[in-house]
């Protein structure tokens, strides 16, 4: 008898336990607000809309789409969320991912936690009463791949749902947690992109129950979010998971849209944490998994600022990167370059655009004389577009000199110029030029484009 009770107690103690605080007690359950997903039932809420007087929408917040990427799951592709019993409370947002805020007052701040793989669904109509399925829009936030979240106060659904679409927003890993790579199978990287991919798979399986049409899914994002959307257009993994795309101020051809030398950054991070005797990349990653997330987030700040000082050609500190070929690779050298050259990417209707004076947020960095930009004055070849840097050193310098003179004059320089000219150059180089080429690759009809941008006279040189 006692032996049986003891065994039952052990089984109870070691069974996976559900956090009771995230489930709704029976007396507070509202069946009309509930939606069945593949993992379990969620209960949302009705919210007053700011888009129109008397308007409202239905919100299903904090739905887990992946298992918490903590412990042994850190620096790995995400796993689908485990099923649950009971009714999940989807009336409040899930935690955002760990992020680093570089801008604003220029001070690096941190926020978020690792357990952050949650999504939100918004719709104008009660899912139980929809008469026809609505188009779905999926938003990818920007933030230089080191910050951002799906906070409703920033990316609220009020105006979009008024246009009869179902909106999905979500968190994905950024910084070292989303893009640390050793360029081998120890940590192939692109975990943030793989989080996004898992969201797209979740949508195909579940969105119809929220009144959304899984056969009409549009991805849209700004800045780093737009780069992510473009990567989904290139990756074979995402084929068939979406049907249209909107890229706002970003493409995979931006200098900052991918990282260079990711292994160097991983080693730098490890050494800064005291790991300087790892025998190989597998041991390095395993030991980084043992560190507290708070320690990693602090170390990330140093790596980011160090990388900013290495110049404009190394990309961002942590961003998408090419993976070694393997079955779950999101993007590899072969697929990336081949698809760009041959046009064998996910061809869907696409809209691309950008904002004038996009780089005004660089102003405070330029005023500080950040070496990221000042390095241009040490090597005029840096002005040469990345696509032309494979030429001879003499040709690279010649082209770079022409570009430099165009913006700053024969006797001018980045450091001595008026900030207005520096902003014009960074706008053209980091945002305008990288959008032009992929836009042409996507053409299947007439293109209407303004010809009043700054570099119209020297496109021939840059291409």
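Bear in mind these aren't lab numbers, they're just calculated from the coordinates by the rules spelled out. Here the structure is a predicted model, which is why all the values come from computation and not from measurement. Neighbour counts run over all protein chains shown; Cβ positions are idealised from the backbone, glycine included.
Under a point spin-label approximation (7 Å from Cα along Cα-to-Cβ), what is the residue 347-residue 291 distance to one decimal in nm?
4.6
Pull out the extension gain between residue 79 and residue 298, defined as 0.36 nm times the separation in residues minus the alpha carbon to alpha carbon distance; nm, one decimal. If you can, show how the numbers build up before the last one.
Working: separation 219, 0.36 × 219 = 78.84 nm, distance 2.64 nm.
That works out to 76.2 nm of additional length.
Using alpha-carbon positions, what is the distance between the centroids of region 58-77 and region 214-233, in Å?
When both Cα centres are located, 20 Å separates them.
What full-extension length gain, to one decimal in nm, is calculated for residue 395 and residue 356 as 0.36 nm per residue of separation minus the Cα-Cα distance? Intermediate results must be reported in sequence, preceding the final value.
On the way: separation 39, 0.36 × 39 = 14.04 nm, distance 3.08 nm.
Separation in residues times 0.36 nm, less the Cα-Cα distance, equals 11.0 nm.
Pop the C-beta distance of residue 153 and residue 263 into the FRET formula with R0 = 56 Å and round what comes out to the nearest 0.05. Numbers along the way, then the final one.
Numbers: r = 38 Å, r/R0 = 0.68.
With a Förster radius of 56 Å, E is 0.90.
How would you rank 254, 45, going from fewest to most other Cβ atoms within 10 Å of each one's own Cβ? Walk me through the numbers on the way to the answer.
Values: 254 24, 45 15.
Starting with the residue having the fewest Cβ neighbours, the order is 45, 254.
When 318, 177, 23, 159 are ordered from fewest to most other Cβ atoms inside 10 Å of their Cβ, what list results? Mind showing how you got there, number by number?
Details: 318 30, 177 27, 23 17, 159 12.
Ordered by Cβ neighbours within 10 Å, fewest first: 159, 23, 177, 318.
Quick one: length gained pulling residue 50 to residue 388 fully straight, 0.36 nm per residue minus the C-alpha distance? Mind showing how you got there, number by number?
Details: separation 338, 0.36 × 338 = 121.68 nm, distance 4.86 nm.
Once the chain is fully extended between residue 50 and residue 388, it gains 116.8 nm.
Given points 7 Å out from each Cα along the Cα-Cβ axis, report the residue 205 to residue 375 separation in nanometres with one decimal.
About 4.3 nm, to one decimal.
Taking region 32-106 as the region of interest, what is the percent of Cα-Cα pairs per 10 angstrom bin, listed from the shortest bin to the one with the maximum distance?
Calculated over all Cα pairs of region 32-106, the distribution is 15, 33, 28, 20, 3 percent.
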